[in-house]
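Each remark here refers to the structure printed beneath this line.
The values are calculated or read from the model by the stated rules, or taken from the named source; none is laboratory data. Predicted model only: the values in this text are computed from it and were never measured. FYI the Cβ positions are ideal-geometry reconstructions off the backbone, even for glycines, and counts take in every protein chain you see. Accessible surface is based on the protein model in full, side chains and every heavy atom, while ligands, DNA and RNA are left aside. Shrake-Rupley method; radii C 1.70, N 1.55, O 1.52, S 1.80 Å.
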Amino acid sequence: ANRPRSNNYLVDSVDTTDANTGLIAGRAVTEQIISQESIASFEVLTHNFKAEYGRNSGGIVSLVTKSGTNEFHGSAYWYHNNSALSARNFFEGTKPKRRSNLAGFTLGGPIIKNRAHIFGQYEVYRIRGEQPTLFQGLTDAERASAVPAVRPLVDLYPRIPSNGSRIFTIGTPNFSNQYTYLVRGDLVLTNAQTLMARVSNTKSFRESTS
């Protein structure tokens, strides 16, 4: 078995593994490399790699992005998730309020039929509400030993319940925005050769209080 940092991630045969951490480069809120709506195919290799891969001893995750075709095709999508529609976690005293929306569109087609094609995608992912966060409570002895300057902070901690458990969950504010885009162009040179260029980017912003 290997650690996650031993894996290698490829997009269109280009290495996208972070050189420092060994994890996915440019991880964002969803920890994705590119949007799944832009993926044409993927392959996971676990052993007996060809020499073209190399680098890491773990698995190889290879993604291939979509390209345009001789006909214009597109899609629009929206995924909504709301805590009002979900069950409470077994370890939560109250269910944190949370909602998220993921929406985007894709469009691809010909520039010159049988010769040049283009494909594009844009996606927005937003999270609002609370996220469950674990805290450890204070014993009566710890509360009594607090100096006056920090006592107002100590009073913010809930009292330990009668069962003696010091672990409790509180929903803390969570505000996240993520924007992803991809543009790919393909040019057919010969029956056996195609030139491809791709530009993709993911920007993520998160505000979390704990």
Exercise for the section: Please work out how much length the chain gains when fully extended from residue 89 to residue 151, using 0.36 nm per residue of separation minus the C-alpha to C-alpha distance, in nm with one decimal. Expected result: 19.2 nm
Handout entry: Cα gyration tensor shape for region 36-93, rounded if a/c is under 1.5, else prolate or oblate
Key = oblate
Completion exercise
For residue 131, other-chain or 5+-apart residues with amide H closer than 5 Å (H placed, Pro excluded) are 172, 174
Exercise for the section: Using a 10 Å cut-off on Cβ atoms, rank the peptides 139-146, 10-17, 108-115 from the highest mean neighbour count down. Expected result: 10-17, 108-115, 139-146
Completion exercise
Karplus-derived 3J(HN,Hα) from phi for region 151-157 (6.51 cos²θ - 1.76 cosθ + 1.60, θ = phi - 60°), whole Hz, x at Gly and Pro, runs 4, x, 6, 4, 5, 6, 6
Practice task
Taking 7 Å along the Cα-to-C-beta vector as the label spot, tell me the residue 207-residue 15 distance in nanometres, rounded to one decimal.
Solution key: 3.9 nm
Fill in the blank from the handout: Using alpha-carbon coordinates alone, the radius of gyration and Dmax of the chain in Å work out to 24.1, 80
Practice task
May I ask for the net charge around residue 177, where only other residues with Cβ less than 10 Å from the Cβ of residue 177 are counted and Lys, Arg are +1 while Asp, Glu are -1?
Solution key: +3
Completion exercise
Whole-Hz Karplus couplings 3J(HN,Hα) for region 130-146, θ = phi - 60° and coefficients 6.51, -1.76, 1.60, Gly and Pro as x, run 10, 10, x, 10, 7, 10, 10, x, 9, 7, 4, 5, 5, 5, 5, 8, 5
Completion exercise
Row for region 57-120, column shape: gyration tensor on C-alpha, a ≥ b ≥ c, rounded if a/c < 1.5 i.e. under 1.5, prolate if a/b over b/c, else oblate; value oblate
Problem - Heavy-atom accessible area per residue - region 126-178, 1.4 Å, Å² - result: 65 Å²
Exercise for the section: Taking 7 Å along the Cα-to-C-beta vector as the label spot, tell me the residue 135-residue 70 distance in nanometres, rounded to one decimal. Expected result: 6.4 nm
Completion exercise
Rounded to the nearest 5, the percent of antiparallel DSSP beta bridges in the chain equals 95 percent
Problem - Those residues of region 44-80 whose amide nitrogen sits under 19 Å from the label point placed on residue 6, 7 Å along Cα→Cβ - result: 44-51, 53-62
Fill in the blank from the handout: Carbon/sulfur accessible area of the chain, % of total, 1.4 Å probe, equals 55 percent
